[in-house]
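S.K.: Sharing a structure here in structure tokens format.
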């Protein structure tokens, strides 16, 4: 199977260095032709410049007109992702675009309309989709092992410095838009579209930060309530990231969601997930514990993208899934 010719547009997203590193490591399936830095990405790029060593720097126009280019990876700062993805889609290029997309329903709808019309692969950077524990959990849900799902609880917390928390003010919902979108993807993927969405994000108010650094939203379904919470002010919060799925036959808890293990290579960090399964209805049941297989956050993600581009398998997250997910995210962020 031929290598996929790919280039990266943007260096301002928090996952930009992870993307370029993964593409470099996966040189068995990708031919990385270069990258472009766009306006607004300069400060982040300069801080991480060494990670782009030995990769050709190009203009956006040079990338979009590169002979026989197959795909692009869009890694600009969040607010410009959709803008550049549209440019790539108009050129007929397959797209991996980081999350969550755009603050505008209209722009994201236009992007989806273009990729759908041109039948392009459209792949977004929701890394938990490729977490082995999440994949197994979704298989168990589909098989009926958990019974009817009535609640999903998801948390993704951390402790950011004041300057990062002020930056959150650039986006509706702040922390919920920035990281909580990963969790909303999980809730929607498991429960479907909610009957009602209640935004609850706010500022904790410390260090003079007025941005929504405490992100939260509640989702109402016909048979229960689900919620997501993503804060930038929780000491030790990274190790408490979790997903809890409750069904009429059992409960599965993934915690810690991202436990760092082994040696890292650049930004390629091996992780595992703690899993607790409870299927015994007696009180005080501890359940069964185990760790999911060790994986890299982005390894399976970019290998899947290559399979989709090469037609080896079909992207299970279709155009309309991505369109509806984006609308739910904006609703949860108060838009």
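S.K.: Could you tell me, in Å, what Rg and Dmax come out for the Cα atoms of segment 213-335?
M.R.: 17.8, 50
S.K.: Which residue fluctuates most in the GNM of the chain (Cα springs below 10 Å): 295, 160, 123?
M.R.: It is 160.
S.K.: On average, how much area does the Cα convex hull of segment 159-218 cover when viewed from any direction, in nm²?
M.R.: For segment 159-218, the mean projected area of the Cα convex hull comes to 4.1 nm².
S.K.: Calculate the FRET efficiency for residue 109 and residue 61 from the Cβ-Cβ distance with a Förster distance of 22 Å, rounded to the nearest 0.05.
M.R.: Working: r = 26 Å, r/R0 = 1.16.
Result of the calculation: an efficiency of 0.30.
S.K.: Continuing with the same structure: Compute the FRET efficiency between residue 14 and residue 223 as 1/(1 + (r/R0)^6), taking r as their Cβ-Cβ distance and R0 = 25 Å, and round to the nearest 0.05. Numbers along the way, then the final one.
M.R.: Numbers: r = 36 Å, r/R0 = 1.43.
That pair, residue 14 with residue 223, gives E of 0.10.
S.K.: Related question: So between residue 193 and residue 25, what do we pick up on full extension, going 0.36 nm a residue minus the alpha carbon distance?
M.R.: On the way: separation 168, 0.36 × 168 = 60.48 nm, distance 3.69 nm.
Between residue 193 and residue 25, full extension yields an extra 56.8 nm.
S.K.: Can you tell me the length gained on complete extension of the stretch residue 269 to residue 289, counting 0.36 nm per residue apart and subtracting the Cα distance?
M.R.: Details: separation 20, 0.36 × 20 = 7.20 nm, distance 2.31 nm.
Result: 4.9 nm gained on full extension.
S.K.: Let me ask something additional. Which order do peptides 35-48, 172-185, 73-86 fall in by mean Cβ count within 10 Å, highest first?
M.R.: On the way: 35-48: 16.6, 172-185: 26.9, 73-86: 23.6.
Descending mean neighbour count gives 172-185, 73-86, 35-48.
S.K.: What is the diffusion coefficient of the chain in µm²/s, taking the Kirkwood radius over Cα pairs and the Stokes-Einstein relation at 25 °C with a viscosity of 0.890 mPa s?
M.R.: Values: Rh = 20.6 Å.
Calculated translational D: 119 µm²/s.
S.K.: Right, another one. For n ≥ 4 DSSP H runs only, could you compute -39500 (n - 2.57) per run for the chain, divide by its residues and tell me the 222 nm figure to the nearest 500? Mind showing how you got there, number by number?
M.R.: Working: 10 runs with 100 residues, N = 335.
Taking each H run of at least 4 residues, the total per residue is -9000 deg cm²/dmol.
S.K.: On the Cα set of segment 289-335, report Rg and Dmax in Å, please.
M.R.: 15.2, 40
S.K.: Something else: Please report, in whole Å, how far the alpha carbons of segment 56-189 spread along each principal axis, starting with the longest.
M.R.: Dimensions of segment 56-189 along the principal axes of its Cα atoms: 50, 42, 31 Å.
S.K.: Which value, in Å to one decimal place, does the Kirkwood hydrodynamic radius take for segment 166-283 when every pair of different Cα atoms is included? Spell out each step's value before the answer.
M.R.: Working: mean 1/r = 0.0621 Å⁻¹.
By the Kirkwood definition, the hydrodynamic radius is 16.1 Å.
Every number here is computed from the coordinates shown, using simple stated rules; none is lab data. Note that the coordinates shown come from a computational prediction; the quantities given were computed from them, not determined experimentally. Positions of Cβ are generated from backbone atoms using ideal geometry, with glycine treated the same way; all protein chains shown enter the neighbour counts.
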